[in-house]
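> Please find one structure pasted underneath; my questions will follow.
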């Protein structure tokens, strides 16, 4: 199976745990950049994408793991994840990057240089390009996903409760005349 057959662009999907510009520290060890994509099997477009990803994953198992017809559900990058309430009734696709994924500025193909330029936060909607790949090593046989690129598409309810909109941030600040902020430098020096 060639690279194009293993590559998918998933549109309008919520993102969780976006680690795009800095590698996270997990239990004292450096993790990988990546994100979790929250696909809703009740959404028609997501359902089509889920089916395509599973078809590809099952083909990879047959082609790459000689003599193996099936691997356990938890060995796939796309699966149910009961660990968090917001994942209920969804399938979660974990996609990591060996280095750093390409993160684009909103409504652009231009690369973002930091989180602020990307607009991406946990709970927003993104378009993501992923590539499936088979893992067969001392850690076992798995079908993983590599996060190739990602772009902000729209706001969603923040998952961690820390995101504050600009209007919320400036709410309560009154606009005053410039005179109120002037002070006499000579008085301060005395």
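The values are calculated or read from the model by the stated rules, or taken from the named source; none is laboratory data. None of the values given here were measured: they were computed from a predicted structure. Glycine also receives a Cβ, built like all others from the backbone with ideal geometry; neighbour counts cover every protein chain displayed.
> Among what's in the stretch 76-89 and is out of contact with any helix residue (DSSP H, G or I) (no Cβ under 9 Å at 6 or more places or on another chain) and surrounded by 11 or more Cβ atoms within 10 Å (Cβ to Cβ), pick the residue that is farthest from residue 143 (Cα to Cα).
At the first step, the residues of the stretch 76-89 found to be out of contact with any helix residue (DSSP H, G or I) (no Cβ under 9 Å at 6 or more places or on another chain) are 82-89.
Of the ones still in play, those that are also surrounded by 11 or more Cβ atoms within 10 Å (Cβ to Cβ) are 84, 86-87.
Values: 84: 22, 86: 24, 87: 20 Å.
Looking at the filtered set, the residue picked out is 86.
> Being more than 20 Å from residue 139 (Cβ to Cβ) and touching a residue at least 24 places away in the same chain (Cβ under 8 Å) is the filter here, so list the residues in the stretch 47-62 that pass it. Break it down stepwise before answering.
At the first step, the residues of the stretch 47-62 found to be more than 20 Å from residue 139 (Cβ to Cβ) are 47-56, 58-59, 62.
49, 50, 52, 53, 54, 56, 59, listed by residue number.
> Only residues that are surrounded by 19 or more Cβ atoms within 10 Å (Cβ to Cβ) and closer than 21 Å to residue 156 by Cβ: list them for the stretch 34-53, please.
Residues of the stretch 34-53 that are surrounded by 19 or more Cβ atoms within 10 Å (Cβ to Cβ), as a first pass: 34-39, 46, 49, 53.
Of everything in the stretch 34-53, those that are surrounded by 19 or more Cβ atoms within 10 Å (Cβ to Cβ) and closer than 21 Å to residue 156 by Cβ turn out to be 34, 35, 36, 37, 38, 39, 46, 49.
> Of the residues 131, 157, which is modelled with pLDDT under 95 and within 23 Å of residue 49 (Cβ to Cβ)?
Numbers: 131 fails: modelled with pLDDT under 95.
The unique qualifying residue is 157.
> Out of curiosity, is residue 122 under 15 Å from residue 16 (Cβ atoms), assigned to a loop (DSSP other than H, G, I, E, B), touching a residue at least 40 places away in the same chain (Cβ under 8 Å) and touching a strand residue (DSSP E or B) at 6+ places or on another chain (Cβ under 7 Å)?
Details: under 15 Å from residue 16 (Cβ atoms): yes; assigned to a loop (DSSP other than H, G, I, E, B): yes; touching a residue at least 40 places away in the same chain (Cβ under 8 Å): yes; touching a strand residue (DSSP E or B) at 6+ places or on another chain (Cβ under 7 Å): yes.
Yes: the conditions hold for residue 122.
> For the stretch 1-117, which strands (runs of 3 or more DSSP E) that fit wholly inside it have 3 or more residues that are more than 18 Å from the chain's Cα centre (by Cα)?
none
Each row is one residue, and each column tells you yes or no for (1) modelled with pLDDT under 90; (2) out of contact with any helix residue (DSSP H, G or I) (no Cβ under 6 Å at 6 or more places or on another chain); (3) within 30 Å of residue 35 (Cα to Cα).
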| residue | (1), (2), (3) |
| --- | --- |
| 144 | no, yes, yes |
| 169 | yes, yes, yes |
| 175 | yes, yes, no |
| 178 | yes, yes, no |
| 186 | yes, yes, no |
